[in-house]
1. Which fully enclosed helices (runs of 4 or more DSSP H) of the range 218-324 have 1 or more residues being modelled with pLDDT of 95 or more?
2. Mind counting the residues in the range 39-58 that are touching a Ser or Thr at 6+ places or on another chain (Cβ under 7 Å), part of a helix (DSSP H, G or I) and not charged (D, E, K, R)?
3. Here is a check on your reading of the model: is I162 touching a residue at least 40 places away in the same chain (Cβ under 8 Å) and surrounded by fewer than 23 Cβ atoms within 10 Å (Cβ to Cβ)?
4. Condition test on L168, is it within 11 Å of the ligand (Cβ to nearest atom), within 17 Å of the chain's Cα centre (by Cα) and either surrounded by fewer than 21 Cβ atoms within 10 Å (Cβ to Cβ) or within 22 Å of N227 (Cα to Cα) (or both)?
5. Got at least one residue in the range 140-155 being in contact with a strand residue (DSSP E or B) (Cβ under 6 Å, 6 or more places away or on another chain) and away from the ligand (no atom under 11 Å from the Cβ)?
6. Suppose we filter E206, E259 for residues that are under 30 Å from S293 (Cα atoms) and near the ligand (Cβ under 10 Å from one of its atoms); which single one remains?
7. How about the range 92-118: which of its residues are closer than 20 Å to L44 by Cβ, out of contact with any Phe, Trp or Tyr (no Cβ under 8 Å at 6 or more places or on another chain) and surrounded by 13 or more Cβ atoms within 10 Å (Cβ to Cβ)?
8. Please pick out the residue among G186, G117, G108 that is touching a strand residue (DSSP E or B) at 6+ places or on another chain (Cβ under 6 Å), of a type in the set (G, A, S) and within 8 Å of the ligand (Cβ to nearest atom).
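The values are calculated or read from the model by the stated rules, or taken from the named source; none is laboratory data. Treat the numbers as computed from the prediction; the structure is a model and nothing was measured. Note that we place each Cβ from the backbone using ideal geometry, even for glycine, and neighbour counts take in every protein chain shown.
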Amino acid sequence: MRQIKAYELAGLPVQLNPEHIPERPPVQDLCFYFDAELAQITELLPGKKVIIITDEIVNQQLSHKFPDYPVISFPSGEEHKQQSTVDQVIKKLIGLEAGRDCFLLGIGGGVVTDITGYVASVYLRGVSFGLVPTTILAMVDAAIGGKNGVDVGVYKNLVGSIRQPSFLFYDYSVLSTLPVSEWVNGFAEVIKHACIKDALLFAELERYTLHDYQQDPSLVSDLIEKNAAIKNSVVIVDEMENGERKLLNFGHTVGHAIENLHQISHGHAVSIGMAAACNLSEKFSTLHFEEASRIIRLLARYHLPVDIETDHTRVFEVLRMDKKRIRNEVNFILLSRIGSASVTPIPVELLQHHLKEIL
Ligand SMILES: NC(=O)c1ccc[n+]([C@@H]2O[C@H](COP(=O)([O-])OP(=O)(O)OC[C@H]3O[C@@H](n4cnc5c(N)ncnc54)[C@H](O)[C@@H]3O)[C@@H](O)[C@H]2O)c1
């Protein structure tokens with residue numbers, strides 16, 4: 001097990017509060033544990049009243065690896081990322097007499113890590129927590145950055161907070177039970193990172209296939225660490241999303257709008273959103289047609305969809321409610337080339353005009 005502090009992973013020189021696990025760590029103090037085994041997690045939590053939060057599928061598939069702590073589980077799936085699930089988890093915490101000294105350990109995909117962070121930020125006005133991501137998507141994205149929350153009807157992540165976990169713990173052996181569809185889902189965010197930040201990573205992804213990553217543990221652990229470093233380096237300079245962090249929304253504006261309208265997975269929705277954003281990047285930025293085509297080909301290489309039959313009027317209605325809308329403009333993340341992105345405001349009427357073409 002290798003411990004890397006968030007500031008080291010981001011290549012920053014400062015060192016803050018080196019040893020203890022603080023109750024509410026600043027983002028720089030967050031610890032990443034790579035190449036770890038779940039059984040070792042007890043070493044990080046001596047004397048803590050730890051409660052595991054997970055979903056039913058992860059509990060069924062991986063509970064034999066869980067350390068001996070009480071478990072609260074809820075039904076799996078995005079449709080359960082709702083306030084009612086949070087309320088049920090909180091009732092169970094009360095049943096376990098969890099006080100301010102408890103430590104919540106979220107083990108699961110992005111739904112579990114989002115809900116665990118949210119519960120930890122509101123229960124007793126805030127308790128400590130750590131995360132063990134078990135999907136590719138959660139390992140490279142959802143578990144990193146402290147954003148948490150729940151959906152409200154069709155509106156994704158409308159309610160939540162930003163609160164950093166004490167640590168992120170990576171045991172790659174959990175991926176052996178992950179269905180192929182969830183690998184595909186996670187690679188949407190990997191491709192997103194390459195598109196906005198890392199042309200070399202993009203070229204690496206063009207060389208390999210999903211099967212290569214599934215078969216080669218060192219290849220996948222290297223990929224996950226690279227992607228965790230990209231996400232962390234963005235979050236560490238802009239935790240509250242005032243600037244740089246907005247770039248991580250590449251593909252998510254249209255993606256979120258169609259995600260709940262169509263009940264498709266997050267990765268598929270983001271992939272379609274990235275294809276739409278590439279199209280807009282050709283129109284409103286400097287992305288060349290050839291580069292946009294390379295991105296579309298890469299998405300297809302990793303079995304991701306690039307378009308969808310949809311009701312443009314409904315998509316537009318959801319877009320108008322987007323968190324990134326300011327007055328009559330939606331802040332879109334566009335690419336100027338592979339590896340370089342920027343925030344570009346697009347007037348809502350113009351968006352409505354182009355929506356049919358880009359989706
Ligand atoms: N907070 C953030 O910054 C952030 C960023 C990106 C995505 N997200 C959120 O993450 C969520 C999507 O995450 P996800 O794709 O991990 O979905 P998920 O948590 O629903 O997991 C997908 C499925 O895989 C199962 N699963 C998880 N790990 C497994 C394993 N090792 N073996 C077998 N089955 C396993 C789950 O039970 C579930 O059925 C969305 O709600 C999205 O909004 C949050």
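1. Output list reads 266-284, 289-301.
2. Adding up the residues that qualify gives 2.
3. So I162 fits the description; yes.
4. no
5. Yes, the range 140-155 has at least one match.
6. Criteria check complete, one pass: E259.
7. Residues satisfying the conditions are C102, G108, V112, T113.
8. G108 is the lone residue from the list that is touching a strand residue (DSSP E or B) at 6+ places or on another chain (Cβ under 6 Å), of a type in the set (G, A, S) and within 8 Å of the ligand (Cβ to nearest atom).
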